[in-house]
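I have placed the structure first, in the form of structure tokens, so that the comments after it can refer back to it.
What follows is calculated from the coordinates using simple rules that are stated; it is not laboratory data. In this text the structure is predicted, and so the values were computed from the model without any measurement. Neighbour counts are summed over all protein chains in view; Cβ atoms, including those assigned to glycine, are modelled from backbone coordinates with ideal geometry.
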Amino acid sequence: MKEERIKTKLSNLTILSLLIGMFSYPITSSIIVLFGLPSTNTNIVLKILISIIYFILFVKTFQHKGKLRSLNLSLFFLLMLYSVRILVDIYIYDIQHDFHSQFYILSYFFLLTLLPVVSILKSGRFLDIKKFNKIAMYQILIINIFYLIVTFYMGKNLIESFAGRLTVEEIEGSSRAIINPITIGLHGAISLIYGLFKLLFFKLKFKNKLLCYSMIILGLVNLLLGASRGPLIFALLLIIIITFKYFRNNKISPIFLIKVTLFSFTVGFIFILALQYFSEIDFFLIERMITFFDDSGGPEVRNYLLNSAINDFINNPILGSHIFDTTYNEFPHNALINTLMSCGVIGGFLLIFSFRIYIKNLYYTIIITNKPEGQLFFFYISPLILIGMTSGSLIFLPDFWISLSIL
């Protein structure tokens with residue numbers, strides 16, 4: 001009885017930590033904007049509170065007398081290796097960043113990434129997925145509604161916003177954003193995937209169907225508001241996989257699936273192009289996709305960052321170079337390249353091995369298992385993992401690490 005109570009407490013703490021790690025930033029940033037709170041001081045207070053929750057989970061997890069097996073040892077060793085790299089760069093090479101102090105870098109990684117990931121690697125087996133999915137649904141809805149409210153709060157309508165990328169800067173004209181378009185598109189993709197999967201694979205009452213349709217519509221709107229290519233591409237990829245699974249479960253011909261998929265995307269694409277051409281609506285996301293494929297926009301900043309990071313890796317292939325590239329003092333917006341740059345082939349191997357678990361779970365989710373709650377969980381957290389291939393850095397992307405650790 002006592003053991004069951006301990007496991008229940010660990011499960012609840014794990015749920016709370018995952019919800020914070022995956023979804024707290026969009027909510028807190030929206031609140032800061034809507035209520036005009038000072039972003040720096042508010043974020044400091046919130047990060048201290050979040051770190052305390054993570055620390056409690058860490059202590060409770062390792063107080064548990066039962067033998068707990070790490071779910072992803074390669075991820076654990078990668079984070080240990082990266083921790084050494086950060087400490088060496090800061091305390092030996094005195095690496096500085098243009099926007100973040102050394103204390104900020106250390107506290108962000110060790111308290112907001114390493115601490116929860118190590119804890120969740122141990123406590124993840126106690127996660128009540130059904131309970132988590134239910135709470136996450138409302139949190140995802142709130143996030144996407146908040147982004148719409150922020151749009152109208154800034155005095156814009158949707159038509160105007162679709163023509164650009166919704167972003168809220170900390171100081172007008174600065175490059176530091178409280179709400180950035182990639183995050184908006186990412187959580188739009190999560191909402192879309194959650195709503196679609198639940199509609200296709202769950203028997204729902206009318207109220208829940210309405211919620212799912214709302215999530216799909218909100219997700220599509222925020223994908224357009226964010227105008228970020230990565231979230232859109234990942235959303236389309238996951239929709240194709242979900243559609244394949246639905247047809248497979250219902251024993252429908254794969255050829256018919258391919259025809260339906262191609263027809264749906266063709267009609268959808270033609271509709272959006274026609275809407276953009278014959279009306280006053282201008283979709284910036286469509287323009288960004290077109291320039292991406294025809295390369296008419298020329299090289300982007302991230303291309304230079306990637307090339308610099310690759311050169312750093314070539315110069316130090318075994319153990320890597322530094323946490324930031326040596327040319328621009330930035331990160332390359334790609335988890336694999338970032339790992340190779342910072343930790344060499346050893347770190348790259350550990351990251352690939354960590355992704356092996358994700359690929360394995362993808363196979364089991366599509367082909368083997370038939371547990372809707374687990375499948376739903378896998379699909380809607382996938383964008384948080386896949387986004388690491390196109391955005392963010394290993395230091396400032398805790399939702400990527402936390403999502404990867406729970407699989």
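List of remarks:
- Tensor-based shape of the stretch 1-107 (alpha-carbon gyration tensor, a/c under 1.5 rounded, otherwise prolate or oblate): oblate
- Förster-model FRET efficiency, 25 Å R0, H64 and K131, C-beta, rounded to 0.05: 0.80
- Each peptide in 180-187, 382-389 was scored by the mean count of other Cβ atoms within 10 Å over its residues; highest first, the order is 180-187, 382-389.
- Label zone of I149 (point 7 Å out along Cα→Cβ, amide N under 13 Å): in the stretch 192-227 this covers no residue at all.
- Exceedance of the 21 Å cut-off in Cα-Cα distance is limited, within the set K2/K371; K130/K371; K209/K251; K7/K122, to K2/K371; K209/K251.
- Spacing of the modelled spin labels on Q96 and N315, each 7 Å from Cα toward Cβ, amounts to 1.9 nm.
- A straight chain from N329 to I367 at 0.36 nm per residue would run longer than the Cα-Cα distance by 9.3 nm.
- The stretch 327-365 and the stretch 78-98 have Cα centres separated by 18 Å.
- For the listed peptides 88-95, 399-406, 207-214, a ranking on the average number of other beta carbons within 10 Å per residue, highest first, reads 399-406, 207-214, 88-95.
- For the stretch 1-51, the equivalent ellipsoid built from the Cα gyration tensor has semi-axes of 31, 10, 7 Å, listed from largest to smallest.
- Cβ crowding within 10 Å ranks M341, M154, M215 as M154, M215, M341, fewest other Cβ atoms first.
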